[in-house]
1. Please work through chain A and write down the cysteines that have no neighbouring cysteine Cβ at a distance under 4.7 Å.
2. Which percent, to the nearest 5, of DSSP beta bridges fully inside the protein assembly as shown are antiparallel?
3. If you consider only alpha-carbon coordinates, what radius of gyration and Dmax does segment A:543-664 have, in Å?
4. Heavy atoms of the protein only, probe of 1.4 Å, neighbouring chains included. What is the accessible area of residue A:328 in Å², nearest 10?
5. Give the average over all directions of the projected area of the C-alpha convex hull of the protein assembly as shown, one decimal, in nm².
6. Filter chain A for me: DSSP H helices, axial length by Cα at least 24 angstrom, mean Kyte-Doolittle hydropathy not below -1.0. List them by residue number.
7. Which value in nm describes the separation of the simple spin-label points at residue B:538 and residue B:334, placed 7 Å from the Cα toward the beta carbon?
8. Report the full-extension gain for the segment residue A:28 to residue A:362: residue separation times 0.36 nm, less the Cα-Cα distance, to one decimal in nm.
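The values are calculated or read from the model by the stated rules, or taken from the named source; none is laboratory data. All values reported here derive from a predicted model rather than from experimental measurement. Positions of Cβ are backbone-derived with ideal geometry, glycine not excepted, and every protein chain shown enters the neighbour counts. Each accessible area value is taken on the protein alone, full model and side chains, heavy atoms only, with ligands, DNA and RNA left out. Shrake-Rupley method; radii C 1.70, N 1.55, O 1.52, S 1.80 Å.
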There are 2 protein chains.
Amino acid sequence: MPMKTALALLFALAAPALADEGMWTFDNVPEDQLFERHGFVPDAAWLEHARLASLRFNDGGSGSFVSPEGLVLTNHHVAMGQLQKMSKAGRDYVKDGFYARTRAEETACPDLEINQLVSYEDVSARIHEAVPSGLPPAEANERRKAATAAVEKECSDMTGSRCDVVELYAGGEYWLYRYKKYTDVRLVMAPEMQAAFFGGDPDNFVFPRYAFDFAFFRVYEGGKPVPSAKFFAFDPAGPAEGELVFVTGHPGSTSRLLTTAQLAFERDTAGPAILKTLERARKNYQEWTARGAEEARQAKGGLFGVENSLKVRTGELLGLSDAKLFAKKEADEADLRARTMKDPALAKEAGGAWDEAAAAAKKLAARYGVYRTYAGGRRAHSMTGHAETLVRWVAEVEKENGKRYKEFRDSALESLGFRVFSAAPVYPEMERFLLARKLEEYRDDLGAEDPFVKALLGGKSPEDAAAAALAGTKMGDPAFRKSLVAGGRKAVEASTDPLVAFARRIDPFYRAQRDWYEDEVESVATTAGERIAKARFAVYGKSAYPDATFTLRLAIGRALGYEQGTTQVPFKTTLGGLYARSDAFDGRYPFDLPPMLAAARGKADLKAPVDFVSTNDITGGNSGSPTISRGLRLVGLIFDGNVESMVNEYLYGEERGRALSVHAGGIVEALESVYGMGGLVKELEAAAPKTGDPHAAHH
Amino acid sequence: MPMKTALALLFALAAPALADEGMWTFDNVPEDQLFERHGFVPDAAWLEHARLASLRFNDGGSGSFVSPEGLVLTNHHVAMGQLQKMSKAGRDYVKDGFYARTRAEETACPDLEINQLVSYEDVSARIHEAVPSGLPPAEANERRKAATAAVEKECSDMTGSRCDVVELYAGGEYWLYRYKKYTDVRLVMAPEMQAAFFGGDPDNFVFPRYAFDFAFFRVYEGGKPVPSAKFFAFDPAGPAEGELVFVTGHPGSTSRLLTTAQLAFERDTAGPAILKTLERARKNYQEWTARGAEEARQAKGGLFGVENSLKVRTGELLGLSDAKLFAKKEADEADLRARTMKDPALAKEAGGAWDEAAAAAKKLAARYGVYRTYAGGRRAHSMTGHAETLVRWVAEVEKENGKRYKEFRDSALESLGFRVFSAAPVYPEMERFLLARKLEEYRDDLGAEDPFVKALLGGKSPEDAAAAALAGTKMGDPAFRKSLVAGGRKAVEASTDPLVAFARRIDPFYRAQRDWYEDEVESVATTAGERIAKARFAVYGKSAYPDATFTLRLAIGRALGYEQGTTQVPFKTTLGGLYARSDAFDGRYPFDLPPMLAAARGKADLKAPVDFVSTNDITGGNSGSPTISRGLRLVGLIFDGNVESMVNEYLYGEERGRALSVHAGGIVEALESVYGMGGLVKELEAAAPKTGDPHAAHH
């Protein structure tokens, strides 16, 4: 514990209540802000511990080690993709949960990769050197890709680790992040879905909330649990209200450095289009769900994801449509532009960047419908998605490493293969249904005469075209996918598999749009962003944090309730509250109690905490992040933000935006009194520091 | 049960979901709306039963008979004025509750009058005849007062009952309501204030809500419980969600027939001024409260009332500032005006009314500050309030009955005396503090040179002036007040009591403003309102209900949850939810559990309902109203509306506006498991119809 603490506490009481803003990189923790607001500044050992105990779930989420034996905690909704893939008809781990009571029962996940950030270094000089300012955007982009790929390759060749060059401050800095990869990850425990997602879609992004949204995995190496010396020991007491808490996790992306023109594009063009796509997807999944129990099981994961995104996007768009917020952005931008113009050298380099970014946004807006349709994703884990990826893969790897699409660079191929060769089950009937809908939507949006639409339909109806594309495909077999990659471009071109043929028809359209976007929009925006970021550095120094990049960040906050409407929202909820909310709806879906949670009634402690809120600055990708005390104890598990926090995408600072955590004590109570996982509780307890440990008494 | 029911049910399923709007008089129940929406039309016997079982609390609230032995149910917050007056230092019935477990322990209230509407008849012809159209407003007003007073006097002389002429449809109709008066009312049971008002100010006007806001009285006559043949038997099962429920109570006032110019006056002038007064009053009470436990006890009732009004007024003003709502009002008004102008006779009579109403509103706005200060209330139950009333009383009764201020007419004097001669305790120290603040506010608002301010301060500071006005006054003694009335104008003029002298100084200022208001504003508005109401009758017929007038109304609705933000609000809450909300705040005020409710934990049924919401159209004054089933069983007890329903003052029809009831089953559970009032539960059970009764199975 740093020596500053006691002294600073007195000071903190008098300090003004500044916002707990920021997703800070570990190389740039805001010591002054921490000292002044909280009287606590983490030292190097604290930061190293927190970094090594924090994990990234490569399919989109965060987690952490919670015992020295490789035990990992994350959200049920982060684990759900794996649960879904591991389930079969008649054995539904999503619905019923999963309970390994011995190590032998811990079951390998089909394609889960977990990363641990073992080192990071500033490589800005190397990248900036390779890309002198003043180059035409397309060439600068090429050079940047090449330099980035070289740094990554050198690192991975030397260390065998996963190496990512991370762009920060919109190109103001580049860092090389080296990750230890874990791919033998086994499922240990997941509660019933209805306990993890109690209140369903209505209560999603809402507080008070009653969700046991957690799951446990264990990382193995060489057939044994990996020793994890740095971990967060559970503290079932959780935080006191008002207590300082940190979140160490992997926020996916934010758009806080976007210019107002770019934000206007998000608000007026991209946002509404994405909402429309999501609303259609929800409708499609709902229709499939309505067909029967097995169909509902198949659709569950996809529907969950879509409903979740829908609330996020709606919240973002609401925030972006907030005139006050937008005016603040405009004022901030005007200030930065004015200061930039006052310095002749800076003005020369960056003065034009805002107008260039605006022009690029305008260009993209003009053909956004076509761009998004041709080059948009068609569900990563579907057979269609695999086919598209494989067609692109065999062509890309023939190119020089630096000239490939980012996801096909040598340094990324292992992780990509891990996903593409996954043995997760496929659902051909559901996929045919959804693909037909997708084709129908393309036709409705762009017209039957659009060349892409014509190429995909080939004169058929959407239903027939989807059926033809999927009829007899072997794409469901991972061995077939591997054989295509092994056979290279020749094998893919020669394949008579109908889905491969379908993907071959998509490919030129996809490439044309993506190349146009990268050359005409992305490169301009990147160059402009770099220059604006440079101006920002020159004007304000490195007192800011960079936009989120799905890399490790530290968020600072306090466990704290808030006001809503004319009443108060408590900072935590209890198990008694969960049962009461179910009773208030007479146990009606989605407020029904799952069997084991229902059976625990009368046995479990009604005062046990379930969830709590804190002011930490988080966003999507933080799901599964540990919420920790200054003593490095795990007091909670981030699983959501309230709807008032969705504006975090563009700006933090709302009085009522809150991060939502499952309470550490709630997890322990659920394990013990609901799910009979006493063994797991013993492991967590054994991992806790004994009395006398300097971290034990943290509040 | 009317025969229409079964047939209509089929029809109702197909009927469009019209709003459950309306506070209907018992002579004009909307049979078509009931038939179409609910497949149930109450017959004459049903209406008579409901009317005679429903009661009015004369100090502002509603109630009902719930047993054949005069047992009356109302809200704790309606009872609170009495509880406060019956408490003494060391015996705090507000905080600790009151529990009569035998008839002998039932304790008489100091000044509670309860009214039962025994008959009503249309006297429009008599009033309209006495006030021919075309008279100058002041003269019309004089004549109307005289005619009204004559009708009331004739009725009360003949029957000995309380007789009120009620103006409906802004003068479109006049009805004579005859009430049986009950003045020997004894307190039977009140729960702890913290159980009645759990969640305090934050949760006031909020749902989900957990308030046991009920109290029981018993009406006596001749020393014995009055036989109450018509009563509502408790149904602890409460309503099913979606079930038809009625509220029979006394909504105080609404402004639904106001013109848009009058509403703009409320929004821009009166509303903000009233809010400012209330905010000051809250601050003053809070300061007094902070001085100590005894001071807090003294201020509790007043503070409660002020905070309550503050939320109501805030909600109203929000609704009135809703541009969409205001535009709807404007469109409605434009339609009525256009239709009025199409009929030459109607146009001649009423065409100018809107502009006249607007002119009167403008006149009032121009001197609103002075009017409100001189003629506004100075707390009815304070000694200062009594003094002002007495000075006015002795002068008014010397006038012809028809020329007096309304509250001093013969028919009203008995009730007025009942209040003014109350033996309720006074708090001279608190009153001195509050009066000083009031005087300070007058000076700040109008300036030290204002003649009223000068007359009240007499060259002193506000503190000194208040101290002088109260020093040695005998106004705290009811006998002294009686002696002044008995002595008449001479006694009042000769009195050397400093508070009487103070009130004498106020009186001319008060009269000047009130007379100006009645002649220049009220009379014009009344005349305009009468003509607009006439136009309304002519154009739309009597398909509408009149504004609320603190007279008996029937409101129709369904027990129904709603959506809020992005989540669902259940239609009811449970006892488990109450304990959970307390736990979520770690039992912190105002979410602390009072001793008896805390002690019942583990014993009481957590699934027992506490409160529920329904769509009935209610407003202030409805507090304590029974919520009844079609089978005339009491399923709930109105105690509040949510904040979304505050706009009811001006317009009903919000999707999320709801009436809040204490659940009948919650009352029974509290009596039995929390407050040991098994005897009372037995009386309620004995009153319930036995199996086979046609009203027994109502859902």
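1. Lone cysteines by the Cβ rule: A:109.
2. Details: 132 of 136 bridges.
Antiparallel bridges: around 95 percent, rounded to the nearest 5.
3. That works out to 16.3, 52 Å for Rg and Dmax.
4. For residue A:328, the solvent-accessible surface is approximately 100 Å².
5. Averaged projected hull area, Cα only: 59.5 nm².
6. On the way: long enough: A:137-159 (33 Å, -0.97); A:271-289 (27 Å, -1.09); A:293-320 (39 Å, -0.20); A:323-342 (28 Å, -0.90); A:428-446 (26 Å, -1.03); A:498-516 (28 Å, -0.55); A:523-540 (25 Å, 0.24).
Passing helices, by number: A:137-159, A:293-320, A:323-342, A:498-516, A:523-540.
7. Result for the modelled spin labels: 2.2 nm.
8. On the way: separation 334, 0.36 × 334 = 120.24 nm, distance 3.47 nm.
Here the segment from residue A:28 to residue A:362 would lengthen by 116.8 nm.
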